[in-house]
Amino acid sequence: MINFTEISRKELNVQPFAWTEIGNLYSPANATALASSFPCDNFKTIEAYGGEKSYFYEARALIGMGSNSVANPEQLSGAWLELAHDLLSDSYREAMSSLTGLDLNTRQMEVNVFHYGPGAHLGPHRDLPEKIATHVFYFNDEWNLADGGCLAILNSSDAANVAAHVLPIVGNSAAFIRSEHSWHEVTRVRDGCKQSRRSMTVTFYPTSSISSMWPPDEVPQLHSYGSAGD
């Protein structure tokens, strides 16, 4: 499913931090299958305002922290099950290790899927210090920059100081190494936007890390996110 060569052959940009955009991850047929069957089950709403960063979006677990199995596989399409198993493979870890120059083969991995509907956003931030490297995949058939919902690579904590925008188009992705300078955000999705911004984030952590997205003592209120056409 995933074109591992496309990942391993890329080089990270140096400025404003170690990051790169990676495209052509799937065949046209697989891209269509993934976009058309993007998960809508077992989501929870995550939101906070006025703190170090503000955020509002919907999240679903695909692979739990350090797990070797797919979370809630019953309603996933065949394409999404294949994608999840690719992420669990040694080939994916080797490709990401080659890209980042870090040994990610024994690091804990967590994978989550996201809907960013109208008004959803994730303000400027550098990621938690325990995050080592992140790979963000996108699954929209098409997207207009004016609708927001893009990954903004920032030169500083100032949201206006943008180095690059990454559109959330299926087959496209962005990878980066967490640092004290790795400022980025997901720009606010425009009110009235007719589709959600659809993404998946793969994050590598040190051994024995605990998920901040799915705390062990949490009993989340899960729900479906609209329908496959929303």
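The values are calculated or read from the model by the stated rules, or taken from the named source; none is laboratory data. All values derive from a computational prediction rather than experimental measurement. FYI the Cβ positions are ideal-geometry reconstructions off the backbone, even for glycines, and counts take in every protein chain you see. The protein model used for the area step is the full one, side chains on, heavy atoms only, and it has no ligands, DNA or RNA in it. Shrake-Rupley method; radii C 1.70, N 1.55, O 1.52, S 1.80 Å.
Can you run the Rg to Rh ratio on segment 160-225? Use alpha carbon positions and the Kirkwood inverse-distance Rh. Don't jump to the answer; show the numbers that get you there.
Numbers: Rg = 15.6 Å, Rh = 15.7 Å.
Expressed as Rg/Rh, it is 0.99.
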*Subtracting the Cα-Cα distance from 0.36 nm times the residue separation, let me have the gained length for Asp141 to His165 in nm, one decimal.*
6.9 nm
*Over the chain, calculate the relative contact order: mean separation of alpha carbon pairs under 8 Å at least 6 apart, over the residue count, as a percent.*
28
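Fully extended, how many nm does the chain gain between Ile210 and Gln15 (0.36 nm per residue separation, minus their Cα-Cα distance)?
Between Ile210 and Gln15, full extension yields 67.2 nm more.
When only Cα pairs under 8 Å and 6 or more residues apart are kept, what is the percent relative contact order across segment 14-101?
21 percent.
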*Lysine pairs, Cα distance under 22 Å, 8 or more residues apart or cross-chain: how many in the chain?*
5
*Stick to Cα atoms and the Kirkwood definition of Rh, then tell me Rg/Rh for the chain.*
0.92
*Carbon plus sulfur fraction of accessible area for segment 1-110, probe 1.4 Å, in percent*: 44
*Does segment 4-126 come out rounded, prolate or oblate, given a ≥ b ≥ c as the square roots of the eigenvalues of its C-alpha gyration tensor, rounded meaning a/c under 1.5 and, failing that, prolate meaning a/b above b/c?*
oblate
*Taking springs between alpha-carbon atoms closer than 10 angstrom, which of Lys44, Lys131, Lys194 fluctuates most in the Gaussian network model of the chain?*
Lys194
*Quick one: what are the phi-derived ³J(HN,Hα) couplings along segment 113-127, Karplus 6.51/-1.76/1.60 with θ = phi - 60°, whole Hz, x for glycine and proline?*
10, 9, 10, 10, x, x, x, 6, 6, 9, x, x, 6, 10, 6
*Compare the Cα positions of Leu154, Phe139, Leu76 along the charge dipole of the chain (+1 at Cβ of Lys, Arg; -1 at Cβ of Asp, Glu; about the Cα centre) and return the one farthest towards the positive end.*
Leu154
*Taking segment 70-175, how much of its Cα-Cα pair set, in percent, is spaced more than 20 angstrom apart?*
51
